[in-house]
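First comes the structure, then the notes that go with it.
Values in this text are rule-based calculations from the coordinates and carry no lab data. Being a predicted model, the structure only gives us computed values, none of them experimental. In this analysis, Cβ positions are derived from the backbone assuming ideal geometry, glycine residues included, and neighbour counts consider all displayed protein chains.
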Amino acid sequence: MMITIRAYKYNGNIHYESPMKLLEKRSNLYILNGLPGRTLKHHTRGKDFVFERHSIEFYFNDRWYTAACVINVDGSIDYYYCNISMPCKLGIKDVSFVDIDLDVIVQSDMSYKIVDRDEFNIHKEEMSYPDYIVKKAEKAVETVILHLEEREFPFDGYIEKIVAKYVYL
């Protein structure tokens, strides 16, 4: 089953959208496969991006981040891209969330880098992020790093099982 991902900015503007294949559906989470050849329509940048590789993506309704794992053609992990976001709304045919700008990029060796802090600082002023959003976003960065360091889901080897089960059968 195909699901559409829709990311919004805090001001309500659509940020980007892309079709994904539903792999698993849980009460608090959708696990999706971004198929090679899919197009991400990036409304903020006014352009489309075509992805050549699989991604396995995690959309939580109880966490303040999403996690996308880009898969190399040999089935190994290239990197994770974690968007700091408000918890996702998991619909029947779509997933939507509000992107809060901060991102954590995790390499295959589990080293990481926090990016887009400048964008976060600009948008928290321009879009008047309430204090609780700023605090939740900062806490979410800490949570991603903690989950990573303690090898908690989805950084616990689950990706390798998903790739073996759904991507490279």
Legend entry - Lysine pairs with alpha-carbon atoms under 13 Å apart, the chain, spacing 8 or more or separate chains: 6
Inset, instruction - Name the most mobile residue of MET86, MET110, MET127, meaning the one with the largest mean-square fluctuation, in a Gaussian network model of the chain with Cα contacts below 10 Å. - result: MET127
Legend entry - Whole-Hz ³J(HN,Hα) from phi, Karplus 6.51 cos²θ - 1.76 cosθ + 1.60, for the range 128-135, glycine and proline x: 6, 4, x, 4, 5, 5, 4, 5
Legend entry - Computed label-point distance, nm, for sites TYR166 and SER128 using a 7 Å Cα→Cβ extension: 4.0 nm
Legend entry - Answer label, with Cα extents along the principal axes in Å calculated from the coordinates and candidates (i) 77, 50, 23; (ii) 47, 34, 29; (iii) 69, 43, 36: (ii)
